[in-house]
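S.K.: What follows is a single structure, and I will ask about it in a moment.
What follows draws every value from the coordinates through simple rules; no lab data is involved. Just so you know, these numbers come straight off a predicted model, no measurement behind them. Positions of Cβ are generated from backbone atoms using ideal geometry, with glycine treated the same way; all protein chains shown enter the neighbour counts.
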Amino acid sequence: MVVNDWIHTIAGIFILISLALGIWVNVNWFWVTAFVGANLFQFGLTKVCPLGIILKKLGVPESR
């Protein structure tokens with residue numbers, strides 16, 4: 001998998017987990033969902049993602 005695939009996979013996992021925690025544990029977990037959504041929105045506009053930078057430094061390839 002490449003950086004973009006990892007970004008979408010990790011974001012999706014965080015959203016699903018925070019939604020479940022928000023429903024069954026505490027509504028404040030929805031703030032994690034909002035943060036991930038805002039980060040994805042910012043990434044779409046600027047093409048800069050902190051997770052992408054971290055993944056690149058860890059050696060994940062940018063393209064296939």
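S.K.: Net charge near GLU62: determine it from the other residues with C-beta under 14 Å of the C-beta of GLU62, scoring Lys and Arg +1 and Asp and Glu -1.
M.R.: Residues near GLU62 contribute +3 overall.
S.K.: Follow-up. Please give the FRET efficiency for GLU62 paired with ALA34, using the beta carbon to beta carbon distance and R0 = 35 Å, rounded to the nearest 0.05.
M.R.: The pair GLU62/ALA34 has a calculated efficiency of 0.80.
S.K.: So if each residue of separation counts as 0.36 nm, and I subtract the Cα-Cα distance between ILE17 and ILE54, what length gain in nm does that give?
M.R.: Full extension of this stretch gives 11.2 nm more.
S.K.: In sequence order, what are the phi-derived ³J(HN,Hα) couplings for the stretch 8-19 according to the Karplus relation 6.51 cos²θ - 1.76 cosθ + 1.60 with θ = phi - 60°, rounded to whole Hz, with x for glycine and proline?
M.R.: Values, residue by residue: 5, 5, 5, 4, x, 5, 4, 5, 5, 5, 5, 5 Hz.
S.K.: Which ³J(HN,Hα) values in Hz, rounded to whole numbers, follow from the phi angles of the stretch 33-45 under the Karplus curve 6.51 cos²θ - 1.76 cosθ + 1.60, where θ = phi - 60° and Gly and Pro get x?
M.R.: So the Karplus estimates, Gly and Pro as x, are 4, 5, 5, 5, x, 5, 5, 5, 4, 4, 5, x, 7 Hz.
S.K.: Just want to confirm a number: the relative contact order over the chain, from Cα pairs under 8 angstrom separated by 6+ residues, in percent.
M.R.: Normalised by residue count, the contact order of the chain is 49 percent.
S.K.: How much length would be gained if the chain were fully extended between LEU45 and TRP6, taking 0.36 nm per residue of separation minus their Cα-Cα distance, in nm to one decimal?
M.R.: Residue separation times 0.36 nm, minus the Cα-Cα distance, leaves 12.2 nm.
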